[in-house]
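This report refers to the structure that appears directly beneath it.
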Amino acid sequence: SPVIATVGPDVAGVWLSASAQFQKYDKRSEDWLFMPPPRDLAAAVLGLRTYPGSRELAGVIEAPTLRRDGSLLNSPGYDPVTEVLYVPNAHYPGVVDRPTLDDAKQAADELLDLVVDFPFVDDCHQAAFLAAMLTPIARHAIDGPCPLFLFDSPVSGSGKTLLCDIIAVVDTGRNMARSHYAEDDDEMSKIITSVVLAGDRMMLFDNVETTLGSAPLDAALTGRTWKQRILGRSEMTPELPLDVVWFATGINVALGSTLF
């Protein structure tokens, strides 16, 4: 899975070495010797946080998506409109410019055929499954928050996690990443910060055993940006886009008031 990694002084030092030669005078040999860039210089460069010619990165995707104007983003590489880097993980067929309602219905039938053996209670639950599958694909076309998708059942073994994996396989080509559900607000904040920093598109809280809902999760589900203290450091993250689509599974899960 492509992830967004935080650059440290060691990596910055490699970049500096590619741009300049660093030397120091050695009294013993009475000559100038090549040396790695000073670590404090690398840290100072990282501290600038703005670099001429650099591009903002809002996320990394692996399948075509929609822009906010409804146009299709299907060309590999960096898209300056969405500030998203598209790295295809498969060959995707072309899409007609003006799909009809019949085209949409046929596509929905094909997607629902993947889960024909799952015990959905009503048609509305099938519609929720389609929404859960299509939302990550169209996330960058949505100018606002997206809901958390909860797969709930009265018994274990009904295929809740498998449904999430089907969605992830269709959207990314692999199973959905999982995390435990943290009851402690500080721990939940750390999980959300790590997921957002990495640029993950989807995250599953698997087998929720308590009430689903907390102050950090509420903030992540209702906001468009995230800013928190970096784990183990006193500084804050930059203002990060909240483009993660969250999922959860559980048995008879109780919902916090803000999730209704």
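The values are calculated or read from the model by the stated rules, or taken from the named source; none is laboratory data. From a predicted model like this one, the values you see are computed outputs, not experimental measurements. No Cβ is skipped: glycine too gets one built from the backbone with ideal geometry, and neighbour counts run over all protein chains shown. Heavy atoms of the whole protein, side chains included, go into the accessibility calculation; ligands, DNA and RNA do not. Shrake-Rupley method; radii C 1.70, N 1.55, O 1.52, S 1.80 Å.
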Would you check the accessible area of residue 54, probe 1.4 Å, heavy atoms only, in square angstrom rounded to 10?
70
At q = 0.13, 0.14, 0.15, 0.18 Å⁻¹, what log₁₀ I(q)/I(0) does the stretch 1-150 have when each alpha carbon counts as one equal point scatterer in the Debye sum?
-0.81, -0.88, -0.96, -1.19
Taking amide H positions as placed in the peptide plane 1.01 Å from N, state which residues far from residue 84 in sequence (5 or more) or on other chains have amide H under 5 Å from it.
58, 79
Can you sort 91, 140, 180, 125 by 1.4 Å-probe accessible area, starting with the largest?
91, 180, 125, 140
Going residue by residue through the stretch 15-31, the Karplus relation 6.51 cos²θ - 1.76 cosθ + 1.60 with θ = phi - 60° gives ³J(HN,Hα) values, rounded to whole Hz and with x marking Gly or Pro, of 5, 5, 5, 6, 9, 7, 9, 10, 9, 9, 8, 9, 5, 5, 8, 6, 8
Backbone HN-Hα couplings from phi across the stretch 111-128 [Karplus 6.51/-1.76/1.60, Hz, Gly and Pro as x]:
5, 5, 5, 5, 10, 4, 8, 8, x, 5, 6, 9, 4, 5, 6, 5, 4, 5
Solvent-accessible area, 1.4 Å probe, carbon plus sulfur percent, for the stretch 177-260:
50
Structure-derived semi-axes √(5λ) of the Cα gyration tensor in Å: which label, when the choices are (1) 42, 24, 15; (2) 37, 25, 15; (3) 38, 21, 18:
(1)
I'd like the accessible area for residue 176: 1.4 Å probe, protein heavy atoms, all chains in place, Å² to the nearest 10.
10
Rank 69, 103, 26 by mean-square fluctuation in a GNM of the chain with C-alpha springs under 10 angstrom and give only the top-ranked residue.
26
Just going by the charge dipole of the chain, with Lys and Arg at +1 and Asp and Glu at -1 on Cβ, which of 48, 226, 142 is farthest out on the positive end?
48
Got a sec? Which residues in the stretch 217-238 would a label at residue 54 touch, if it sits 7 Å along Cα→Cβ and we count backbone N under 13 Å?
238
Local charge sum around residue 13 (other residues, Cβ-Cβ under 14 Å, Lys/Arg +1, Asp/Glu -1)?
-1
First select every other residue whose beta carbon is under 13 angstrom from the beta carbon of residue 22; then total the charges, Lys and Arg +1, Asp and Glu -1.
+1
Excluding residue 201 itself, what net charge comes from residues whose Cβ is under 13 Å from its Cβ, given Lys and Arg +1 and Asp and Glu -1?
-2
What nm value, rounded to one decimal, do you get for the distance between residue 40 and residue 138 when each label is placed 7 Å out toward the C-beta?
5.5
Computed over the stretch 77-232, the relative contact order (Cα-Cα under 8 Å, seq sep at least six) in percent reads 19
On a 0 to 90° scale, report how tilted helix 39-48 is relative to the longest principal axis of the chain, with both axes built from alpha carbons and the result rounded to the nearest 10.
50
Where does each of 211, 249 land when they are ordered by accessible area, with a 1.4 Å probe and the largest first?
211, 249
Assign unit charges at the C-beta atoms only (+1 for Lys and Arg, -1 for Asp and Glu), then state the dipole size of the chain relative to its Cα centre in Debye, rounded to the nearest 20.
1000
Label point distance in nm, residue 183-residue 30, each placed 7 Å from Cα along Cα→Cβ:
7.4
Solvent-accessible area of residue 227 with every protein chain in place, 1.4 Å probe, in Å² to the nearest 10
110
The set of residues whose placed amide H lies less than 5 Å from the amide H of residue 212, leaving out same-chain residues fewer than 5 positions away, is 254, 255, 256
What is the calculated FRET efficiency for residue 104 to residue 175, with r their C-beta to C-beta distance and R₀ = 35 Å, to the nearest 0.05?
0.80
Given H placed on each backbone N at 1.01 Å, which residues far from residue 65 in sequence or on other chains put an amide H within less than 5 Å of it?
73
Please give the calculated 222 nm ellipticity per residue for the chain, where each DSSP H segment of at least 4 residues contributes -39500 (n - 2.57) and the sum is spread over every residue; nearest 500 deg cm²/dmol?
-10000 deg cm²/dmol
For the chain, accessible area per residue (1.4 Å probe, heavy atoms of protein chains only), Å²:
61
Label-to-label distance, nm, for residues given as residue 15 and residue 74 (7 Å Cα→Cβ offset):
3.4
Top to bottom by accessible area (1.4 Å), largest first, where do 92, 86, 181, 51 land?
51, 92, 181, 86
Apply the a/c threshold of 1.5 to the C-alpha gyration tensor of the stretch 1-77 and tell me whether it is rounded, prolate or oblate.
prolate
